[in-house]
Amino acid sequence: MSGDGFLQLRGVASRYGQTRVLKDIDLSIGKGEFVALLGSSGCGKTTLLRVIAGFIEPSDGQVAVNGRDITRHQPDKRGMALVFQSYALWPHMTVAQNIGYGLRLRGVARDEIARRVSEMAELLGLSGLEERKPANLSGGQRQRVALGRALAIDPEILLLDEPLSNLDARIRLSVRHELRALQKRLGITAVHVTHDREEAMVMADRIVILDGGRIAQQGSPEEVYNRPASSFVAAFMGAENLLELDGVRDGETFVLQPGSAGEGGSVPVAGRALESGAVEARFRPEAARLTDIDTPATEPGARFFGEVMAVSYPGGHWRHAVKVGDREIMADADRAFPPGQPVTVFVPAETLFLFNTPSGDPVSRPGLPSETVKIPA
């Protein structure tokens with residue numbers, strides 16, 4: 001782990017009774033960086049945020065800010081502010097009173113509170129709404145009030161616990177861009193918990209994907225999207241199609257064997273830790289190219305054969321459920337293929353993610369040839 005991070009977690013672990021929720025988390029976050037903690041329910045992302053905030057004391061490890069150990073510090077002594085999923089606004093208070101609440105608790109002078117509240121209201125587009133109660137605000141406006149209350153105390157670190165999840169889809173799209181622009185403008189360090197992959201991709205400088213209380217992968221949005229480190233990460237980042245195949249590593253090329261799913265193909269290893277044997281092949285529906293059964297491949301990748309089971313139109317393209325071998329995958333096309341039609345599913349090499357299965361044993365399927373056939377690129 002880098003030693004120059006502004007916010008650092010070293011060997012952080014957390015338990016509820018005998019259950020380990022976080023396991024040896026090492027994470028270094030730079031000053032002014034926006035980091036998204038991404039994962040499904042129960043992965044530990046909210047627990048990790050609360051450990052950073054000071055609401056949960058870690059069972060092991062250390063939390064430090066700017067070289068200062070704050071592991072045992074109370075939440076209000078950490079220089080952080082947390083925006084809750086529910087916003088947690090006082091319903092009997094006005095917008096101005098809610099924004100200034102943290103300043104009042106700190107004993108800030110009334111004139112200074114008024115100045116800061118006015119500044120936050122203007123910054124967040126709430127000018128003219130200062131005397132309204134939360135019940136008379138839209139969801140987006142309530143979210144801005146909660147953000148204003150957090151920013152008014154001038155925190156070193158802003159913690160965001162799924163603050164956009166209560167907004168409707170249309171408003172959420174605009175607010176996420178507003179929040180990101182504000183974070184960059186202020187230069188504040190931000191840690192954002194979300195289960196929304198697209199939200200993390202749009203907002204974060206770096207994504208940290210959690211699985212079972214551990215960091216499964218971290219990197220830029222482009223890195224985790226295009227170079228997933230495991231089958232789990234690939235699936236979580238949208239490559240939910242899964243085919244079980246066999247292959248042989250031939251230098252810097254991995255050759256997929258033909259079988260019941262198709263004729264195989266060749267894929268550059270490209271730095272991946274692939275060994276000969278059973279592999280899980282993952283790809284996204286939009287990466288697959290659905291064509292007539294006799295359409296040849298013209299570039300490196302893999303060809304699979306299947307039958308269209310169903311077709312739908314989600315907008316902009318046609319999505320097909322295709323039976324390939326003993327599995328059903330999803331594939332997009334710019335035209336509709338009718339149910340029952342045999343088709344070819346071609347996946348370009350750069351969008352086909354291969355991972356050795358845990359056992360490494362060949363996948364046992366009826367009709368799988370024993371010899372390796374290399375498909376010309």
Taking R0 as 56 Å and r as the Cβ-Cβ distance between T357 and E131, the FRET efficiency 1/(1 + (r/R0)^6), rounded to the nearest 0.05, comes to 0.35
Identify all aspartates and glutamates with a Cα-Cα distance to K184 below 14 Å; exclude those on the same chain that are fewer than 8 residues away in sequence. E33, E156, D205
Based on other C-beta atoms within 10 Å, arrange D334, D211 from fewest to most. D334, D211
Give the peptides 33-41, 103-111, 220-228 in descending order of average Cβ contacts within 10 Å, highest first. 33-41, 220-228, 103-111
Springs between alpha-carbon pairs under 10 angstrom, Gaussian network model over the chain: which of A121, A200, A273 fluctuates most? A273
Suppose each label sits 7 Å from its Cα in the direction of the beta carbon; what would the S260-Q18 distance come out to in nanometres? 4.1 nm
Segment S174-R272, extension gain: residue separation times 0.36 nm, minus the distance between their alpha carbons: 31.6 nm
Through the Karplus equation 6.51 cos²θ - 1.76 cosθ + 1.60, θ set to phi - 60°, convert the phi angles of the range 152-159 into ³J(HN,Hα) values in whole Hz; use x for Gly and Pro. 4, 7, 6, x, 6, 9, 9, 10
Filtering GluC sites (Glu not before Pro) in the range 244-337 by DSSP loop and by at most 16 other Cβ atoms within 10 Å leaves E252, E275, E286
Extension gain R327-V108, at 0.36 nm per residue separation less the Cα-Cα distance, in nm? 72.5 nm
Of G140, G100, G148, the most mobile residue in a GNM of the chain (C-alpha springs, cutoff 10 Å) is G140
Mean separation of Cα pairs under 8 Å and 6+ residues apart, divided by the residue count of the chain: what relative contact order is that in percent? 15 percent
For the range 7-231, what does the relative contact order come out to in percent, with C-alpha contacts under 8 Å and a separation of six or more? 29 percent
Taking amide hydrogens as modeled 1.01 Å from N in the peptide plane, which residues meet the under 5 Å criterion relative to G264, leaving out close sequence neighbours? G259, R303
Taking the Cα centre of the range 1-48 as origin, sum charge times position over the Cβ atoms of Lys and Arg (+1) and Asp and Glu (-1), and report the length of that vector in debye to the nearest 20. 220 debye
Once both axes come from the Cα atoms, what is the angle between helix 169-186 and the longest principal axis of the chain, in degrees from 0 to 90, rounded to 10? 60 degrees
Quickly work out the E286-to-S86 label distance, labels modelled 7 Å from Cα along the C-beta direction, and quote it in nm with one decimal. 3.6 nm
Signed unit charges on C-beta, dipole axis of the range 137-240, positive-most listed residue V191, A181, A152: A152
Hypothetical label at N166: residues of the range 96-134 whose amide nitrogen lies under 15 Å (7 Å Cα-Cβ projection): 98-99, 133-134
For the range 187-204 and the range 133-184, compute the distance between their C-alpha centroids and round to whole Å. 12 Å
For a quick check: sort L173, L210 by the number of other beta carbons within 10 angstrom, fewest at the front. L173, L210
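Throughout, read-outs are computed from the coordinates displayed, never taken from laboratory work. Everything numeric in this text was worked out from a predicted model, so none of it was measured. Cβ coordinates were reconstructed from backbone atoms using ideal geometry, including for glycine residues, and neighbour counts include every protein chain displayed.
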